[in-house]
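Below is one structure, written out as structure tokens; the observations come after it.
The values are calculated or read from the model by the stated rules, or taken from the named source; none is laboratory data. Quantities reported herein were computed from a predicted structural model and do not represent experimental measurements. Please note: Cβ atoms are built from the backbone with ideal geometry, for glycine as well, and neighbour counts cover all protein chains shown. Heavy atoms of the whole protein, side chains included, go into the accessibility calculation; ligands, DNA and RNA do not. Shrake-Rupley method; radii C 1.70, N 1.55, O 1.52, S 1.80 Å.
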Amino acid sequence: MTKTFKILCGAALALALAAPLAAQKKPAQAAPVASAPGGTIIPGLGVANLEAAILNSNAYQVAVQQRQVTYKATYDAAQARALQIDGELKVLVERFNADRTAKKPDAVLQQGYAAIQQRQERGKQEIQQILMPVLLSEAYVNEQISEKLNQAVQNAMAKRGVTLLLGPDSVIARANAYELTPAIIAELNILIPNAILVPPQGWLPREMREQQAQQQGQAPVPVPGAAPAPRPTGPQPEGR
């Protein structure tokens, strides 16, 4: 149990660092491809990693860099609060260990353990609340790029003569000639060279807007500054 509480002591600090690291997460890469010298290439077939296309687009990468500057005060506040929570957890752990050494009743030990768990959970909620502007910014940028993804896919398929697009999870191995992800990234860079970093006041991610609309029994109401939902046309890419 001692090892468990040592881990708990550093939990709050890890919470503060988690969001900045997530904002700088390494872009998803397309699945490994296998070349097939002399093999037969099937016309009209392509493979693409749509998540990798979004994360490797110029708009996403620029937003990641800008976010570290624009929201620096938010990151600093989250880290400072996490350090305070970390100190509070250490006090609770030390008290628990002292009670255990003193062979206090099980009821006292259970109460101390519960106090540690509760403080850790509240700490998670506090840090998440502080980082909410950052999380909304990331969701806002992702939504803007996603709105252009369908058109980017259609453009890339048309230019490469692809009529059937598969996701990387559907393929064990393939020749490089089938890889369409770079072409989709290039189309995204044309359609949305950069994204707006800071969402407008009151903006909510589409999922939350749709949930609110369903609860109110009406169609989703567009939020000022939010891109409209795309209308798919032509063959639809797998993985959307």
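Would you confirm, using the coordinates I've provided, whether V108 is surrounded by 13 or more Cβ atoms within 10 Å (Cβ to Cβ), β-branched (V, I, T) and on the phi < 0 side of the Ramachandran plot? So that I can check it myself, show each step before the final result.
Working: surrounded by 13 or more Cβ atoms within 10 Å (Cβ to Cβ): yes; β-branched (V, I, T): yes; on the phi < 0 side of the Ramachandran plot: yes.
Yes; evaluated as a whole, the condition is true for this residue.
Of the residues that make up the range 214-221, is at least one closer than 20 Å to Q144 by Cβ and at pLDDT below 90? Even if it seems obvious, please write down each step before you answer.
Taking the range 214-221 first, the residues closer than 20 Å to Q144 by Cβ are 220-221.
Within this subset, residues satisfying the condition of being at pLDDT below 90 are 220-221.
Yes, because at least one residue in the range 214-221 is closer than 20 Å to Q144 by Cβ and at pLDDT below 90.
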Which condition from (1) within 30 Å of R81 (Cα to Cα); (2) in contact (Cβ under 8 Å) with a residue 60 or more places away in the chain; (3) of a type outside the set (D, E) is the one that A173 breaks?
(1)
Kindly provide the set of residues from the range 174-188 that are assigned to a helix (DSSP H, G or I), buried (at least 16 other Cβ atoms within 10 Å of the Cβ) and modelled with pLDDT of 95 or more, ordered by number.
T181, A183, I184, I185, A186, E187, L188
Filtering the range 191-203 for residues that are open to solvent by 30 Å² or more (accessible area, probe 1.4 Å) and either touching a residue at least 24 places away in the same chain (Cβ under 8 Å) or assigned to a helix (DSSP H, G or I) (or both) leaves a count of 6
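Tell me which residues, restricted to the range 162-173, are surrounded by fewer than 21 Cβ atoms within 10 Å (Cβ to Cβ) and part of a loop (DSSP other than H, G, I, E, B). Show your work before the answer.
Residues of the range 162-173 surrounded by fewer than 21 Cβ atoms within 10 Å (Cβ to Cβ): 163-164, 166-167, 169-173.
Passing the criteria: T163, G167, V171, I172, A173.
State yes or no: is K159 in a helix (DSSP H, G or I), more than 19 Å from V47 (Cα to Cα), open to solvent by 80 Å² or more (accessible area, probe 1.4 Å) and among the basic types (K, R)?
It is false that K159 is in a helix (DSSP H, G or I), more than 19 Å from V47 (Cα to Cα), open to solvent by 80 Å² or more (accessible area, probe 1.4 Å) and among the basic types (K, R).
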Got at least one residue in the range 14-24 being in contact with a Lys or Arg (Cβ under 9 Å, 6 or more places away or on another chain), modelled with pLDDT under 85, assigned to a helix (DSSP H, G or I) and more than 24 Å from Q144 (Cβ to Cβ)?
yes
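Applying the selection to the range 89-105, what residues are open to solvent by 70 Å² or more (accessible area, probe 1.4 Å) and in contact with a helix residue (DSSP H, G or I) (Cβ under 7 Å, 6 or more places away or on another chain)?
First, the residues of the range 89-105 that are open to solvent by 70 Å² or more (accessible area, probe 1.4 Å): 90-91, 94-95, 100-101, 103-105.
Answer for the range 89-105, where residues must be open to solvent by 70 Å² or more (accessible area, probe 1.4 Å) and in contact with a helix residue (DSSP H, G or I) (Cβ under 7 Å, 6 or more places away or on another chain): K90, R95, R100.
Looking at the range 112-145, which of its residues are farther than 30 Å from T101 by Cβ and open to solvent by 40 Å² or more (accessible area, probe 1.4 Å)?
The first filter runs over the range 112-145 and keeps only residues farther than 30 Å from T101 by Cβ, leaving 125-145.
If the condition is that a residue be farther than 30 Å from T101 by Cβ and open to solvent by 40 Å² or more (accessible area, probe 1.4 Å), then Q125, E126, Q128, Q129, I130, M132, P133, L135, L136, N142 are the ones that fit.
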If R81 passes every condition in (1) in contact (Cβ under 8 Å) with a residue 60 or more places away in the chain; (2) open to solvent by 40 Å² or more (accessible area, probe 1.4 Å); (3) farther than 26 Å from M208 by Cβ but one, which one does it miss?
(3)
